[in-house]
Amino acid sequence: MSMLHVEGLSKSFGGLKVTNDVSLSLEAGERLALIGPNGAGKTTLVNQISGFLGADAGAIHLQGQNVTHWPAHRRVRHGLVRTFQISKLAPALTAIDQVALAIHQRDGSINNMWRRKTSYGLVLDEARSILEALQLARLAHTTPAEMAYGDQRLVEVALALALKPRVLLLDEPMAGVPKSEAQLILDALERLPADLAVVIIEHDMDLVFRFAHRILVLANGAVLAAGTPDDIRRNEIVRAVYLGKAGQL
Ligand SMILES: Nc1ncnc2c1ncn2[C@@H]1O[C@H](COP(=O)(O)OP(=O)(O)OP(=O)(O)O)[C@@H](O)[C@H]1O
């Protein structure tokens, strides 16, 4: 059974079809990249899958369960977690506190007055191990303002991991990150749990072609092509519409 199955998803804003009959499937451990020119509908599709935007037509199944009409927070509880293009970090909190807060949120313990100190110790242990897994332990006691931008993006990935996703949607983790920090991001993404299913929106083709097992190309809201990185690299239509024009192949 697929971890995520999207069938015929569509959405229009006025007369503009922003997603047009999009289907995709994702197995545990798979890395799928969503690429396409600006305005192709990538973020809209991720907004729909994560429950931030409804669908005019189509269905979304998470591990066989129909979640099409579920609100975003319910999808999160069932393992469908996303990050955003724009930073959502709390400016005054250290990385470890932010991750600990996300763990509390996941466990529903944030308002639990009777929380025992021992359980808080366990939360901190877990927060530390999430940071370590992404090689971010060096940032544990650092606030976002004191971090390089690439590190901030990675702490956001750590926050998403704290929610124990089975499917992780990453919206442009490389956006705004200077080239000098790009390798750091790629290294961290390659250390994501092997059984996690990942959908990544990304304009950086180096990252896309190194990270993705499969690539789905969107243009004008519709699927233009889908296949392995080699298939996509060789696809003449994709080259003409997107990759060739971007001069990145
Ligand atoms: N709330 C909205 N109301 C009206 N139009 C919208 C809305 N959100 C997105 N759009 C339009 O939908 C189209 C797709 O936008 P979307 O942000 O999904 O594209 P994208 O592929 O993610 O682009 P980018 O690579 O620039 O992030 C664009 O033409 C955009 O202007």
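The values are calculated or read from the model by the stated rules, or taken from the named source; none is laboratory data. Fair warning: this is a prediction, and the values are worked out from it, not measured in the lab. Every residue, glycine among them, receives a Cβ derived from its backbone with ideal geometry; neighbour counts consider all protein chains shown.
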In the range 1-29, anything outside any strand (DSSP E or B) and exposed (fewer than 14 other Cβ atoms within 10 Å of the Cβ) is listed as Met1, Gly14, Gly15
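Specify which of the listed residues (Glu181, Glu190, Glu172) is within 13 Å of the ligand (Cβ to nearest atom), in contact (Cβ under 8 Å) with a residue 12 or more places away in the chain and out of contact with any Leu (no Cβ under 7 Å at 6 or more places or on another chain).
Details: Glu181 fails: within 13 Å of the ligand (Cβ to nearest atom); Glu190 fails: within 13 Å of the ligand (Cβ to nearest atom).
Step by step, each of Glu181, Glu190, Glu172 is checked, and only Glu172 is within 13 Å of the ligand (Cβ to nearest atom), in contact (Cβ under 8 Å) with a residue 12 or more places away in the chain and out of contact with any Leu (no Cβ under 7 Å at 6 or more places or on another chain).
Using the structure shown, decide if Val241 is outside any loop (DSSP other than H, G, I, E, B) and of a type in the set (A, V, I, L, M, F, W, C). Working first, answer last.
Numbers: outside any loop (DSSP other than H, G, I, E, B): yes; of a type in the set (A, V, I, L, M, F, W, C): yes.
Yes: the conditions hold for Val241.
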Just give me the residues in the range 162-190 being of a type in the set (A, V, I, L, M, F, W, C), surrounded by fewer than 21 Cβ atoms within 10 Å (Cβ to Cβ) and closer than 16 Å to Arg82 by Cβ, in sequence order.
-> Leu163, Ala175
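Working carefully through the options Ala102, Ala55, Ala40, find the one that is more than 27 Å from Arg210 (Cα to Cα) and within 16 Å of the ligand (Cβ to nearest atom). Spell out the reasoning first.
Values: Ala102 fails: within 16 Å of the ligand (Cβ to nearest atom); Ala40 fails: more than 27 Å from Arg210 (Cα to Cα).
None of the others qualify; the one that does is Ala55.
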Picking from Leu62, Leu32, Leu80, Leu4, the residue that is within 16 Å of the ligand (Cβ to nearest atom) and at pLDDT 95 or above would be Leu32
Please find, among His203, His213, the residue that is surrounded by fewer than 17 Cβ atoms within 10 Å (Cβ to Cβ) and over 26 Å from Ser87 (Cα atoms).
-> His213
The residue that is farthest from the ligand (Cβ to nearest atom), considering only those in the range 12-27 that are among the aliphatic types (A, V, I, L, M) and under 17 Å from Gly227 (Cα atoms), is Leu26
